[in-house]
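The values are calculated or read from the model by the stated rules, or taken from the named source; none is laboratory data. This structure is a prediction, so every number in the text was calculated from the model and none was measured. Glycine also receives a Cβ, built like all others from the backbone with ideal geometry; neighbour counts cover every protein chain displayed. Surface accessibility is based on the protein's heavy atoms, side chains included, excluding ligands, DNA and RNA. Shrake-Rupley method; radii C 1.70, N 1.55, O 1.52, S 1.80 Å.
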Amino acid sequence: MPLLALPHPHLPAFASQGGALRAQALRDYLLALRAVYAAYAPIPPVTLYALSERDWRQRLAYPYGLPFQHTGPQGLAVYAPLTYPERLLHRLREVLLPLGPPPGEPALLLDLNLGHEYAHAVQVAWRLRTGARWLDEFFANYLFLLGLKGARPELGETLLAWSRYLAGLSPRVRSLSAYERRRGNLESALWFQAQFTLKAEALLAEGDRLLRAFLDAAPLDRRKGHRLLLSLYPELRDWFAAFGLRGAPEGGSSPQPGT
């Protein structure tokens with residue numbers, strides 16, 4: 001069956017059968033974030049897809065379940081599942097089991113994370129992607145939290161509660177060099193996102209100067225992004241070094257495999 005189209009000048013949406021209300025709710029959430037970001041610089045349209053597993057698999061090679069952002073010939077897009085598969089929720093619950101009761105339902109955390117993927121789309125639009133995965137993820141967490149604090153502060157508190165909770169994980173992989181090469185698992189990915197968000201909270205306590213500086217310096221690459229970040233926050237040298245990232249304290253390029 002064809003997807004249901006929900007036109008909008010800034011966030012057009014397409015939904016599988018039965019997904020119109022979910023797509024509208026997710027779009028309203030992203031539009032609130034967009035209102036915060038649009039005060040800094042123009043944002044092109046970003047298309048939202050809310051898809052059933054069947055429609056997802058017909059169109060995408062990406063595993064069904066986790067929201068994600070994509071840039072292609074059609075422009076910027078973010079994808080969310082119509083429902084979260086039980087296999088994904090089971091994996092998530094298994095990872096969280098050692099931490100005790102979570103601060104909310106895992107499915108609501110995944111919905112919340114769609115805003116993180118929208119922040120990635122904004123990064124692309126503003127030419128702020130650096131090509132260094134750890135730096136792009138760190139800044140996306142900063143941008144996401146900034147948007148939540150401005151648009152939905154109660155959801156910002158929810159994100160921080162989850163981040164404090166997930167920071168209690170004990171992944172085997174804690175190296176940003178391995179993270180850069182995607183050598184990790186779900187536990188490692190959740191732990192890093194928590195660390196990035198909590199550090200972003202500390203930076204945002206001083207205002208939005210990182211975003212403004214990055215916008216002034218756009219387009220970014222990894223070397224420019226490293227240097228600018230550390231010139232604004234030299235205290236981050238020790239923080240990044242604690243993750244084994246030897247390139248960042250000197251403002252050089254990201255570590256290569258084997259470092």
message: Can you pull out every residue in region 49-76 that is within 16 Å of Leu4 (Cβ to Cβ) and of a type in the set (A, V, I, L, M)?
response: Ala50, Leu51
statement: Apart from one, (1) surrounded by fewer than 20 Cβ atoms within 10 Å (Cβ to Cβ); (2) more than 19 Å from the chain's Cα centre (by Cα); (3) more than 24 Å from Leu159 (Cα to Cα) all hold for Ala13; the odd one out is (1)
message: I want to confirm something. Restricting to region 27-37 and keeping residues that are over 20 Å from Pro2 (Cβ atoms) and touching a strand residue (DSSP E or B) at 6+ places or on another chain (Cβ under 9 Å), which single residue is least open to solvent (accessible area, probe 1.4 Å)?
response: Leu30
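Let's see how each residue does on (1) aromatic (Phe, Trp, Tyr); (2) more than 18 Å from the chain's Cα centre (by Cα); (3) open to solvent by 30 Å² or more (accessible area, probe 1.4 Å):
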site	(1), (2), (3)
Arg22	no, yes, yes
Ala25	no, yes, yes
Ala39	no, yes, yes
Pro42	no, yes, yes
Leu60	no, yes, yes
Leu66	no, no, yes
His70	no, no, yes
Tyr79	yes, no, no
task: For residues that are open to solvent by less than 50 Å² (accessible area, probe 1.4 Å) and in a loop (DSSP other than H, G, I, E, B), tally how many sit in region 44-58.
output: 1
field: Single condition Gly65 does not satisfy, out of (1) in a strand (DSSP E or B); (2) farther than 19 Å from Arg152 by Cβ
entry: (1)
message: Name the single residue that is nearest to Ser188 (Cα to Cα) among those in region 81-100 being open to solvent by less than 20 Å² (accessible area, probe 1.4 Å) and either outside any helix (DSSP H, G or I) or among the polar types (S, T, N, Q) (or both).
response: Pro85
Subset of region 129-180 [open to solvent by less than 10 Å² (accessible area, probe 1.4 Å), more than 11 Å from Ala200 (Cβ to Cβ) and of a type in the set (S, T, N, Q)]: Ser177
Residue list for region 49-85, filter: aliphatic (A, V, I, L, M), farther than 20 Å from Leu108 by Cα and touching a helix residue (DSSP H, G or I) at 6+ places or on another chain (Cβ under 9 Å): Leu76, Ala77
- request: Looking for whichever is touching a residue at least 60 places away in the same chain (Cβ under 8 Å), on the phi < 0 side of the Ramachandran plot and out of contact with any helix residue (DSSP H, G or I) (no Cβ under 6 Å at 6 or more places or on another chain) here; the options are Ser188, Ser231, Ser177. Which one fits?
  value: Ser177
